[in-house]
Amino acid sequence: MVKRLDLSTLDRLPPEFARPHYSIADVGIGIVHLGIGAFHRAHQAIYTDDVLARGELAWGICGVSLRAAGVRDRLAPQQGLYTSITKDVDGISRRVVGSVREVLFYGEQRDKVLQRLTVRETRIVSLTVTEKGYCHEPATGRLNVDHPDIAHDLASLAKPRSVVGLLVAALRERRRTHGAPLTIVCCDNLTQNGGLVLGLVMTFANLIDSELADWIGREIAFPSTMVDRIVPATTARDIDENAEALGVKDEAPVVHEPFSQWVIEDRFAAGRPAWDLAGATFVRAVDPYEAMKLRLLNASHSGLAYLGFLAGYEYIYQVAAQPDFLGWMRRFTAEEVTPTLAPPPGIDLRDYRETLVRRFRNPALPHRTQQIAMDGSQKLPQRILGTIRDGIAAGRSVALGCLAVAAWMRYVYGEDERGERIEVSDPLAPVFASLAAKHRGDPRAFAQSLFAEEAIFDDDLHNEPRFTDVVTRWLEMLFAIGSATTVARAVVSGTSSE
């Protein structure tokens with residue numbers, strides 16, 4: 001039987017594989033991370049591992065799984081150890097990461113999670129809970145007080161269900177017990193993510209205790225961040241190949257590209273790790289980096305995912321290898337997105353765009369189009385609609401961005417071009433299914449019903465024909481002639497009317 005990766009087998013690994021060379025037994029927990037999925041372990045946890053290797057041993061991570069016990073059950077027997085697998089066309093490299101020192105499942109260990117969040121030693125709480133995890137209205141950024149989890153927590157905060165409720169419950173207990181400051185670091189793809197989470201927490205806190213809200217405003221920091229690394233889902237084959245290479249079984253490896261970027265607003269309430277010495281960038285304002293990444297990378301990633309899935313492609317690298325789809329991406333990012341951006345210091349946006357092309361075309365990293373297509377109702381306002389608003393205000397064409405929106409609509413219709421059912425993973429999936437059934441065979445009526453969804457489209461776009469008319473025409477074309485032909489025509493003309 002193959003032995004499991006853990007502290008006892010660490011020294012038996014082949015010498016070519018990197019592993020922690022600091023005293024793991026001496027690492028303290030200074031960070032609690034909510035949402036310990038693959039992205040965190042392929043990104044922030046690696047930066048933190050590098051910090052520990054420099055001797056800053058107070059910054060170990062307690063990872064909290066919020067929705068399922070699987071990550072805890074795979075990592076706990078391994079004493080938090082896992083393999084980071086870097087893949088590109090030049091080959092594969094592996095490294096064992098030791099920064100995660102404890103893993104908890106909130107559904108079964110609520111008291112212990114709250115204790116970790118509350119103790120003075122915890123100085124940073126970081127989050128990757130996805131856009132939908134904040135129970136907010138994507139179109140406005142406001143807390144959705146009617147969300148069932150928020151309503152529950154406002155009525156009874158003893159056992160919070162929502163992330164916002166959990167944060168406020170922990171902050172209330174910190175204030176009651178010792179009052180030590182804390183930094184909350186959101187690492188999700190949300191515009192002004194630190195300010196957004198601050199607003200959600202303050203709204204919630206004011207609804208239960210205005211004095212608590214005042215204390216949060218004084219003592220808790222909410223820096224904004226931008227994170228970037230492509231991290232597809234780990235497959236059974238990845239696990240088996242990793243076990244063969246290491247000689248021990250790791251049930252929780254993560255697979256990712258070589259590229260990694262982390263830009264952080266340098267505003268911390270209780271100290272911070274030297275993440276900058278591990279490659280992160282501390283700045284006074286994240287905004288230009290955030291806009292660049294959301295509008296160039298995330299927007300084109302989403303557009304390629306919807307258009308490519310509809311055309312029958314399973315992976316992004318397959319879509320990015322098609323000249324027409326790549327042509328759509330290049331024109332969209334150059335002509336419609338780049339004019340809306342202020343380049344971050346030292347970054348050439350033309351070079352950045354071409355770097356995205358190379359990253360998306362990496363065949364060693366199969367990233368499923370349907371994985372990227374998840375939760376589109378939460379992502380569109382952040383990734384694409386802002387660009388469209390800015391383009392309309394400036395009098396520029398927004399046709400190629402509108403094609404991405406139409407492709408999303410065609411996707412959430414729930415039926416692909418072969419007439420087979422699409423499994424739409426989205427908080428609003430039941431709404432989309434109901435609208436599709438009501439407007440079966442009528443793309444124009446289906447589009448109008450989606451425009452009326454205020455959680456996604458504010459009145460400014462809902463009532464803007466330069467947006468709605470173009471999206472509707474694209475949607476009709478997607479239904480009539482399919483994604484591949486529509487994209488080919490878009491690349492030639494750049495507009496749905498030619």
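The values are calculated or read from the model by the stated rules, or taken from the named source; none is laboratory data. Computed from a predicted model, the values in this text were never measured in an experiment. Cβ sites come from the backbone with ideal geometry, for glycine too, and all protein chains shown count toward neighbours.
Going by what's in this entry, would residue 42 be described as surrounded by fewer than 20 Cβ atoms within 10 Å (Cβ to Cβ) and modelled with pLDDT of 95 or more?
Against the criterion (surrounded by fewer than 20 Cβ atoms within 10 Å (Cβ to Cβ) and modelled with pLDDT of 95 or more), residue 42 does not qualify.
Checking the condition touching a Leu at 6+ places or on another chain (Cβ under 7 Å) and farther than 20 Å from residue 88 by Cα, which residue from 263, 248, 286, 319 passes? Explain how you work it out, then say what you get.
Details: 263 fails: touching a Leu at 6+ places or on another chain (Cβ under 7 Å); 286 fails: touching a Leu at 6+ places or on another chain (Cβ under 7 Å); 319 fails: farther than 20 Å from residue 88 by Cα.
Result: 248 is the single residue among 263, 248, 286, 319 that is touching a Leu at 6+ places or on another chain (Cβ under 7 Å) and farther than 20 Å from residue 88 by Cα.
Since residue 276 meets every condition but one in (1) buried (at least 18 other Cβ atoms within 10 Å of the Cβ); (2) among the charged types (D, E, K, R); (3) in a helix (DSSP H, G or I), which condition does it not meet?
If we test residue 276 against (1) buried (at least 18 other Cβ atoms within 10 Å of the Cβ); (2) among the charged types (D, E, K, R); (3) in a helix (DSSP H, G or I), just (1) comes out false.
Which of the residues that make up the stretch 43-73 are of a type in the set (Gly, Ala, Ser) and assigned to a strand (DSSP E or B)?
Listed by number, the residues that qualify are 60, 63, 65.
Condition test on residue 167, is it under 27 Å from residue 382 (Cα atoms) and touching an Asp or Glu at 6+ places or on another chain (Cβ under 8 Å)?
no
Is the stretch 108-127 home to any residue that is of a type in the set (Asp, Glu), in contact with a helix residue (DSSP H, G or I) (Cβ under 8 Å, 6 or more places away or on another chain) and either assigned to a strand (DSSP E or B) or free of Cβ contacts under 8 Å to residues at least 24 places away in the same chain (or both)?
No, because not a single residue in the stretch 108-127 is of a type in the set (Asp, Glu), in contact with a helix residue (DSSP H, G or I) (Cβ under 8 Å, 6 or more places away or on another chain) and either assigned to a strand (DSSP E or B) or free of Cβ contacts under 8 Å to residues at least 24 places away in the same chain (or both).
Of these, 394, 364, which one is at pLDDT below 95, of a type outside the set (Phe, Trp, Tyr) and surrounded by fewer than 16 Cβ atoms within 10 Å (Cβ to Cβ)?
Of 394, 364, the one residue that is at pLDDT below 95, of a type outside the set (Phe, Trp, Tyr) and surrounded by fewer than 16 Cβ atoms within 10 Å (Cβ to Cβ) is 364.
From (1) assigned to a helix (DSSP H, G or I); (2) in contact with a helix residue (DSSP H, G or I) (Cβ under 7 Å, 6 or more places away or on another chain); (3) under 25 Å from residue 14 (Cα atoms); (4) small (Gly, Ala, Ser), pick out the condition that doesn't hold for residue 243.
Condition not satisfied by residue 243: (2).
Determine, yes or no, whether residue 212 is over 22 Å from residue 41 (Cα atoms), assigned to a helix (DSSP H, G or I), out of contact with any Lys or Arg (no Cβ under 8 Å at 6 or more places or on another chain) and modelled with pLDDT of 95 or more.
No; evaluated as a whole, the condition is false for this residue.
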